[in-house]
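The values are calculated or read from the model by the stated rules, or taken from the named source; none is laboratory data. Everything numeric in this text was worked out from a predicted model, so none of it was measured. FYI the Cβ positions are ideal-geometry reconstructions off the backbone, even for glycines, and counts take in every protein chain you see. Protein only, heavy atoms only, side chains kept; ligands, DNA and RNA dropped before computing areas. Shrake-Rupley method; radii C 1.70, N 1.55, O 1.52, S 1.80 Å.
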Amino acid sequence: MKPELSLVIPFYNEEGNVEQVLQELSKAFKKSKISYEIIAVNNGSWDKTPKIIDSLKQKNKNIRKIDVKKNIGYGFGILTGLKNAKGKYVGYGWGDAQIAAEDFAKVFLALKNNNLDICKVRRINREESIARKIQSTIYNKLLLFLFAITLTDINGCPKIMKKEVYEAINPQSRDWFLDAEIIIKASRKKYKILELPVISRKRQKGRSKVNFRTSFEFLKNILKYRMDLK
């Protein structure tokens, strides 16, 4: 029997978070009576992440593992997982435990119950440096200016959508631009998108993979994508 929801979680050296994330998501989906599969992508990790995923999937048949031997990028890991999704609804989130598992369930139920095309989170009360806040503000304002995107947290995850919507969008970005590509294409297609405000918790274990190099990657991709649309 196919699951109703296929959720991809990419893990890149997240040995400190992977068990908490997968167990809490499973518990939240079960509590909300959501038929699900979690596709845990080992996105080129060299720590204990793949072994922990193996242990958890042996105990929970709803957890599947996909191995990416070499980390090519954030987007590539997610797209690899989504290629294997079986659910009527598909989506992805992060493996850093910053968004509560209950909020993943809320996003899915809001999508389903309101017949939306896409539902995602808008992070509030984010504990981050001034530099990161400035970076996020500029990024979202730039997307608003160049693509008329009215959402306030383009990169906010989880993002969950109808499978046919995902297939129509057909995202290709293998890097951090994946989130922006999905929202830009969805907005141009006039899909119904809802942002749910949720509290973003401070990362307790591991390190964020977003850095200043990522900022330049964002800017390069935004400008290139804008030129390609002309």
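So which helices (runs of 4 or more DSSP H) are wholly in segment 64-149 and hold at least 1 residues that are more than 16 Å from the chain's Cα centre (by Cα), small (Gly, Ala, Ser) and at pLDDT 95 or above? Full working, then the answer.
On the way: elements: 74-82, 101-113, 130-147.
Once the helices (runs of 4 or more DSSP H) in segment 64-149 are filtered for at least 1 residues that are more than 16 Å from the chain's Cα centre (by Cα), small (Gly, Ala, Ser) and at pLDDT 95 or above, what remains is 101-113.
Could you say which residue among 154, 160, 184, 222 is in a helix (DSSP H, G or I), open to solvent by less than 30 Å² (accessible area, probe 1.4 Å), under 20 Å from residue 78 (Cβ atoms) and modelled with pLDDT of 90 or more?
Numbers: 154 fails: in a helix (DSSP H, G or I); 160 fails: in a helix (DSSP H, G or I); 222 fails: modelled with pLDDT of 90 or more.
Just a single option satisfies the conditions, and that option is 184.
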Practice task
Only one of these is in contact with a Cys (Cβ under 6 Å, 6 or more places away or on another chain) and either closer than 23 Å to residue 7 by Cα or among the charged types (D, E, K, R) (or both): 178, 194. Name it.
Solution key: 194
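Among the residues of segment 43-54, is there at least one that is assigned to a helix (DSSP H, G or I), acidic (Asp, Glu) and surrounded by 15 or more Cβ atoms within 10 Å (Cβ to Cβ)?
No, that holds for no residue.
Looking at the structure I just gave you, is residue 179 open to solvent by less than 10 Å² (accessible area, probe 1.4 Å) and among the charged types (D, E, K, R)? If you could, list the steps in order and put the result at the bottom.
On the way: open to solvent by less than 10 Å² (accessible area, probe 1.4 Å): yes; among the charged types (D, E, K, R): yes.
So residue 179 fits the description; yes.
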Practice task
Would you please name the residue that is nearest to residue 217 (Cα to Cα), looking only at residues in segment 163-177 that are assigned to a helix (DSSP H, G or I) and either modelled with pLDDT under 95 or among the β-branched types (Val, Ile, Thr) (or both)?
Solution key: 169
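Looking only at segment 20-42, count how many residues are in a helix (DSSP H, G or I) and in contact with a Phe, Trp or Tyr (Cβ under 7 Å, 6 or more places away or on another chain).
Residues of segment 20-42 in a helix (DSSP H, G or I): 20-31.
Next, only the ones that are in contact with a Phe, Trp or Tyr (Cβ under 7 Å, 6 or more places away or on another chain) stay: 25, 28-29.
Of the residues in that region, 3 qualify.
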Problem - Single condition residue 165 does not satisfy, out of (1) within 16 Å of residue 186 (Cα to Cα); (2) open to solvent by 80 Å² or more (accessible area, probe 1.4 Å) - result: (2)
Problem - Cross-chain or 6+ apart pairs with Cβ under 8 Å, segment 89-112 first and under 15 Å from residue 27 (Cα atoms), then among the charged types (D, E, K, R) and modelled with pLDDT under 95 - result: 97/201; 97/203; 97/205; 99/123; 99/201; 100/201
Completion exercise
Of the conditions (1) modelled with pLDDT of 95 or more; (2) more than 19 Å from residue 178 (Cα to Cα); (3) open to solvent by 50 Å² or more (accessible area, probe 1.4 Å); (4) outside any helix (DSSP H, G or I), the single one that residue 57 does not satisfy is (4)
Exercise for the section: Evaluate segment 95-107: report whether one residue or more is open to solvent by 50 Å² or more (accessible area, probe 1.4 Å), more than 20 Å from residue 182 (Cα to Cα) and in contact with a strand residue (DSSP E or B) (Cβ under 7 Å, 6 or more places away or on another chain). Expected result: yes
